Amino acid sequence: RQYPGGTAKLDLAKGHPDIKFETYALWDKLAADQLQKLAIDKRPPKWTVRLGPPEDWNPKETWGWETLATAIEANGHKINDWVWKDLLSRIALASERSKVELIEIRPCDLGFCFADWVRRDMFYAVADRVGFVPVEQEVGPQSILQYGHTLAVGEWKVIDSEPIVDSYGRRRLLYIKRAGGGVWLLLNDGDPDREWHPGSRFPRRTKKRTWR
């Protein structure tokens with residue numbers, strides 16, 4: 001009754017085949033926006049990422065990065081060529097199953113809102129001091145496999161691990177992004193002096209709390 005567009009437009013919208021999907025997506029976005037306004041010590045985990053082989057994995061088969069990459073692409077996601085050819089093989093994968101609870105934080109949450117750009121080493125130092133520590137490097141490929149489908153178009157997240165050193169000695173961080181062509185596992189500069197926008201989102205983990 002309060003929709004300003006009128007009942008005719010409202011009835012048309014109600015008949016849209018994607019109304020449920022679009023409505024739920026809007027609720028998810030609004031809820032995520034509200035969560036980001038909470039103090040970081042009050043936020044629930046954004047994601048719970050499983051590490052190690054999947055539950056249905058046959059222990060007689062080999063578990064490694066090629067198998068994980070194949071599973072990512074089988075889910076319809078895409079992997080940057082250099083990530084596939086070089087970085088994934090440098091990540092130590094867990095042989096035992098475990099779960100990592102991730103809190104999504106921004107440099108702005110840690111007092112950098114009024115900066116145009118924030119150096120990675122400065123952001124990491126403050127995050128570490130308040131109890132938010134880098135995630136395992138395996139979280140990168142596991143995140144896109146388990147949560148890539150939840151990203152909105154244009155959404156991206158930097159997997160806030162210790163940098164992965166590639167074959168040329170360059171420090172790299174993985175990030176996942178949904179672009180027009182799908183969800184990608186990509187790489188970025190992981191040098192200490194790399195500058196990030198204070199609104200950039202970094203999944204990290206905390207040792208202070210365990211959520212049930």
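Neighbours of ASP160, meaning other residues whose beta-carbon lies under 10 angstrom from its beta-carbon, give a summed charge of +3 when Lys and Arg score +1 and Asp and Glu score -1. Ordering THR150, THR206 by accessible surface, largest first, gives THR150, THR206; the 1.4 Å probe counts only protein heavy atoms, with every chain in place. Close amide H partners of ARG119, meaning residues 5 or more places away or on another chain with modelled amide H under 5 Å apart, are TRP196. Heavy atoms of the protein chains alone define the surface here; on that basis the stretch 67-212 has 49 Å² accessible area per residue at 1.4 Å probe size.
Counted by Cβ distance under 13 Å from ILE176, the other residues give a net charge of +3, where Lys and Arg count +1 and Asp and Glu count -1. Overall, the accessible surface of the stretch 10-161 at a probe of 1.4 angstrom is composed of carbon and sulfur to the extent of 55 percent. Here, the chain yields an orientationally averaged convex hull projection of 15.2 nm² when only Cα atoms define the hull. The trypsin sites (Lys or Arg not before Pro) of the stretch 10-87 that meet both conditions, a loop assignment by DSSP and at most 15 other Cβ atoms within 10 Å of the site Cβ, are LYS60. Rounded to the nearest 20 debye, the dipole size of the stretch 1-147 about its Cα centre is 540 debye, using +1 on the Cβ of Lys and Arg and -1 on the Cβ of Asp and Glu.
Step through the table entries LYS14/LYS46; LYS99/LYS157; LYS9/LYS29; LYS14/LYS42; LYS14/LYS157, compare each Cα-Cα distance with 27 Å, and write down the pairs that go over it. Exceeds cut-off: LYS14/LYS46; LYS14/LYS42; LYS14/LYS157.
Close amide-amide hydrogen proximity is noted between VAL183 and LYS78, each under 5 Å apart and 5 or more residues distant or on a separate chain (H modeled in the peptide plane; Pro and chain starts excluded). Scanning the chain for GluC sites (Glu not before Pro) that sit in a DSSP loop and have at most 11 other Cβ atoms within 10 Å, the longest stretch containing none of them is 97-212. Computed over neighbours whose Cβ is under 15 Å from that of PRO59, the net charge equals -2, Lys and Arg +1, Asp and Glu -1.
How many angstrom separate the Cα center of the stretch 67-107 from the Cα center of the stretch 118-149? Value for the Cα centre distance between the two parts: 13 Å.
The values are calculated or read from the model by the stated rules, or taken from the named source; none is laboratory data. Here the structure is a predicted model, which means the values were calculated and not measured. In this analysis, Cβ positions are derived from the backbone assuming ideal geometry, glycine residues included, and neighbour counts consider all displayed protein chains. Ligands, DNA and RNA are excluded from the accessible area calculation, which covers all protein heavy atoms including side chains. Shrake-Rupley method; radii C 1.70, N 1.55, O 1.52, S 1.80 Å.
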